[in-house]
Amino acid sequence: MVWYRGLAALALATASLIMTSPSFAAGPLVQAPVGAAEGVSQGDLNVFKGLPYAQPPVGALRWTPPKPIEHWEGVRKASRFGAACVQPKAVGGTANIYADDPETMSEDCLFLNVWTPKDARGAPVFVWIHGGALVGGASSESMYDGSKLATQGLVVVSINYRLGVLGYLAHPGLSAESPDGISGNYGLLDQIEALRWVKRNIGAFGGDAGNVTIAGESAGGLSVMYLLASPPARGLFHKAIAESAYMITTPELKGTRYMPSSEQIGAYLGMKLKAPDVAALRAMDAEKITNEAAAAGFLPFAAIDGHVLKKQLVETFDAGEQAPVPLIAGSNSGEIRSLLSLVPPAPQTPGDYVAIINKQYGELAPAFLKLYPPSSMRESMLATTRDAMYGWTAERMAKKQTAIGQPAYLYWWDHAYPAAEAKGLHGFHASELPYVFGTLDTPPPNWPKIPDTPAEHRLSADMTSYWATFAKTGRPTAPGAPDWPKYDGDGAYMHITDRPHPSTHVTPGAYALHEEVVCRRRAANVSWVINYGVGSPPLPPKAPGC
């Protein structure tokens, strides 16, 4: 039996060698500076999932800036997505078209995924930042599969980042721990660390660290704006795509110019959770504090701390201090049809609607009522919030990027199909994403079913090509589709219905109205967060520069 035990030992040693030695890797192998990784082969692509880009932010590392992942030994298996960051379970049942709860959640969630052509050498890099109101979402969602974009010659990277209270809590006790006297912004710092990982390692996957495009939708689009404005992110990317972003008021870490400070909000939350100090907050279970903070009304936003973010986004873009990179920005015609919680209660009658607008908007009321008339009050209320949040933001970004000499491309997604129309969701929020990613057959479970027709696949091919060529060259093009004009003095944009159609002046008059409203509120130190139309505070008087 000695020979048998010897043979068994040899087999175990050989199996161990196979697990740790690059020469025995079963799947595609990458030797990156951070360590060796074994992915999976997928047609003409190699795919690597669940790669850690920072140390797990657990225990004493909860609510600290991310620390770079240390070099790992042996070969890391990279065939499965890593855990999503802790988040509340989706609510709303089948009525929630965005519900797509992750299989696993953990505080140990700072993972990224890479899709790369097998022959990639110095390929452009596309980094995707998922949406979800900074509360939910994950890079593992099937709609974000990077395969189709990667077949266009890109190295596609998708990332997780800390969410909710675990990602964006500021607190006086946390600021006291920091050498810079700051706190909050942990989810944003995660995104920056992921971009640093890309800079250090993406060459091993065939990517060009000198040609990186950041892209995101909704909270991902907000994150793109934060990254454009953040000094620590400068130089880590070279183009940007912001889909349905919203340039809302951002709380200051310590100041109270527009709203309570981030530290005040954090201290109040600690009191509500009966956690008097940072030690008590860190002692709470991750899911428990996430759910209880959400139930207490905690809304995660970045903080103006003088380091990660120096100014309000509007101020940074006004000063031309954002990253000088080419930009795609846009919004959707039906943004609010699937986000009805953003719409204030409707007045009893059209006459009441007119009276409220006249009272709240003063001398701007005639312009407002021309754009958003009482004759179609529900549609007007949907359009008001859409234009004031998403449309204004997209056009503002295009204007400000153009002003610093960078090419900007504006779009208006206005596409519909029968299942969406049946639910009253023409051009709804995020509905462009399956077309961009080429994942028409794998959106979230409750998503209105996209027809499997040549017309839908043709539009998807247009969108995928526009996004991919922009990542390559800074100019979006698609075979057989119209040239996309730069946003310029005549307000050029791409109107996307059944096919892309170049046009000018999206929603005429809306941008000028909402820009003046925001300008006046800024001058009077009044926030401009989701307080539009009948939910608006009284309009401040006209101020210099408005």
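The values are calculated or read from the model by the stated rules, or taken from the named source; none is laboratory data. This one's a predicted model, so the numbers in the text were calculated from it and none came from an experiment. Cβ atoms come from the backbone with ideal geometry, glycine included; neighbour counts cover every protein chain shown. To get the accessible areas, we keep the full protein, side chains included, count just its heavy atoms, and leave off ligands, DNA and RNA. Shrake-Rupley method; radii C 1.70, N 1.55, O 1.52, S 1.80 Å.
Structure notes:
- Helices (runs of 4 or more DSSP H) completely within the range 301-381 that count 1 or more residues being within 28 Å of GLY184 (Cα to Cα): 313-318
- Given (1) more than 20 Å from the chain's Cα centre (by Cα); (2) assigned to a loop (DSSP other than H, G, I, E, B); (3) within 25 Å of GLY474 (Cβ to Cβ), index of the condition GLY131 fails: (1)
- Qualifying residue in the range 101-109 (condition: under 24 Å from SER341 (Cα atoms), outside any helix (DSSP H, G or I) and of a type outside the set (Lys, Arg)): yes
- Tally of residues being out of contact with any Ser or Thr (no Cβ under 8 Å at 6 or more places or on another chain) and of a type in the set (Lys, Arg) across the range 476-518: 1
- Test: residue in the range 222-238 that is assigned to a strand (DSSP E or B) and in contact with a strand residue (DSSP E or B) (Cβ under 6 Å, 6 or more places away or on another chain): no
- When GLU287 is tested against (1) assigned to a loop (DSSP other than H, G, I, E, B); (2) more than 23 Å from HIS514 (Cα to Cα); (3) acidic (Asp, Glu), exactly one condition is not met: (1).
- Pairing each residue of the range 289-301 that is over 14 Å from CYS85 (Cα atoms) with any residue that is polar (S, T, N, Q), provided the two are 6+ apart or on different chains, yields C-beta distances under 9 Å for ALA294/GLN87; PHE301/THR249; PHE301/THR250; PHE301/SER262.
- Annotation note: Cβ proximity below 8 Å between a residue of the range 329-341 that is under 12 Å from TRP392 (Cβ atoms) and a residue that is outside any strand (DSSP E or B) and among the charged types (D, E, K, R) (sequence gap 6+ or interchain) occurs for ALA329/GLU395; SER331/ARG386; GLU335/ARG386.
- Entry remark, the range 176-206: residues being open to solvent by 10 Å² or more (accessible area, probe 1.4 Å) and part of a loop (DSSP other than H, G, I, E, B) number 5 in total.
- The lone criterion from (1) of a type outside the set (Lys, Arg); (2) open to solvent by 60 Å² or more (accessible area, probe 1.4 Å); (3) closer than 30 Å to VAL125 by Cα left unmet by THR464 is number (2).
- Taking the listed residues ALA242, ALA209, the one that is in a strand (DSSP E or B) and surrounded by fewer than 23 Cβ atoms within 10 Å (Cβ to Cβ) is ALA209, with no other qualifying.
- Any chance ASN96 is over 26 Å from ASN211 (Cα atoms), polar (S, T, N, Q) and touching a residue at least 60 places away in the same chain (Cβ under 8 Å): yes
- Qualifying residue in the range 403-413 (condition: crowded, with 18+ Cβ neighbours inside 10 Å, free of Cβ contacts under 8 Å to residues at least 60 places away in the same chain and closer than 30 Å to ALA323 by Cβ): no
- Exclusive hit being closer than 19 Å to SER218 by Cβ and open to solvent by less than 20 Å² (accessible area, probe 1.4 Å), set PRO444, PRO476: PRO444
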